[in-house]
Structure formats: C-alpha cells, structure tokens
Amino acid sequence: MTKVRAPLSFSLAITTVIGVIGWVDAGRITRRANRTLRHWSESDRKGTPTLDQAIALDRAFLDAGGDYAPILESYARQLNVTLAASMACHAALGEDIAAVSRETADAIGASIQIIQPGASPTAVHRAIAETEEAGVRLTRLLGRLRSFLPGNGAGQGKAGVI
C-alpha cells in the first residue's frame, strides 16, 4: 500500500527523487543505508538529509532527466508558507500604525479647535469622540505589537516572526 505524503513535505520530495534515481544510487550518493533513506521518505519519521545530501540528490534527479529539483522545491514552498504569515503580520502592523496616525491626527485637529475662543460643546464632543477613536486604534496597535514578542500570537518563538 502506498503511503500518502503531504504535498510540501521533504518525504514526498525524497520519494520523488528515489523513484527516478533508485535506492542504490540514492544510498551511494548520500552514503546512507536504505533504512535511513526510507526514514527520510516517510512523513511519520524524523530526519532529513543534510544540505549537501539534498543538493546531491536533486542534482542526481536532474541528471537522470528530471525537469526540476524536488527537494529544493519542497524547501521553497515551505519557506513561502512561513514567510506569507510573517509578511501578513507585518502588513497588518503597517495598517495599524497608519490607522493610529490618522486617528491621532484627527484627535489633535479636533482638540486644537477647542483652543479657539468660543468653541462650542459640539466641538468638544467631536474632540472627545476623535480621541476615543484614537485610543481604540492605539489599543489595537498595542495588541499587534505584543504579538511580535516570542511566545505570543502564532509565532515560531522568534521576535517579529508570527
């Protein structure tokens, strides 16, 4: 029975390479036993080839007629998935900073109107409303900033990577 392997996994990439170059050549290239190669090709096992071994396997796959590098593609896809989340968080942080800037400017502008002689109660209410909205935006920004600390949000344990 064929095992199902995750689309972005190294195990699928290893299986693809070995399917073309064979177990014997893969073992010779990596200087590893079939058992190790089988572990690398199974999603439920730990372990992956070293960088040098991965490059050598991809090179052998290409030399055998492959039109791409499966292990490199797997790594690139996994990196893209990881970076997409981080980039989305940074984009959201930028949006929150812009919103705080706009709302704070509105609050300051409305508050300056109160300095003028004869400011109406409506102007005071507007300044209060604008300042409250700026406070809401600042609270959101504070939450977003905290999510960049290790152990918060969906982070991987490094500041700024969520």
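Listed values, structure above:
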item: Debye, to nearest 20: dipole size of the chain, +1 on Lys, Arg Cβ, -1 on Asp, Glu Cβ; result: 820 debye
item: Choice from 121, 150, 70 showing the highest fluctuation, given a GNM over the chain with Cα pairs closer than 10 Å; result: 121
item: The range 20-117: relative contact order in percent, alpha carbon pairs under 8 Å with at least 6 residues between; result: 19 percent
item: GNM top mover of 14, 112, 55 - the chain, alpha-carbon springs below 10 Å; result: 112
item: Heavy-atom accessible area order for 125, 39, largest first, 1.4 Å probe; result: 125, 39
item: Loop-located trypsin sites (Lys or Arg not before Pro) in the range 22-129 whose Cβ has at most 16 other Cβ within 10 Å (DSSP); result: 31, 45, 46
item: FRET E, pair residue 81, residue 145, Förster distance 22 Å, beta-carbon r, rounded to 0.05; result: 0.35
item: Acute angle (nearest 10 degrees) that the helix 10-21 long axis makes with the longest principal axis of the chain, alpha-carbon atoms; result: 30 degrees
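The values are calculated or read from the model by the stated rules, or taken from the named source; none is laboratory data. Everything numeric in this text was worked out from a predicted model, so none of it was measured. Positions of Cβ are backbone-derived with ideal geometry, glycine not excepted, and every protein chain shown enters the neighbour counts. Keep in mind that these areas ignore ligands, DNA and RNA; they rest on the heavy atoms of the full protein, side chains included. Shrake-Rupley method; radii C 1.70, N 1.55, O 1.52, S 1.80 Å.
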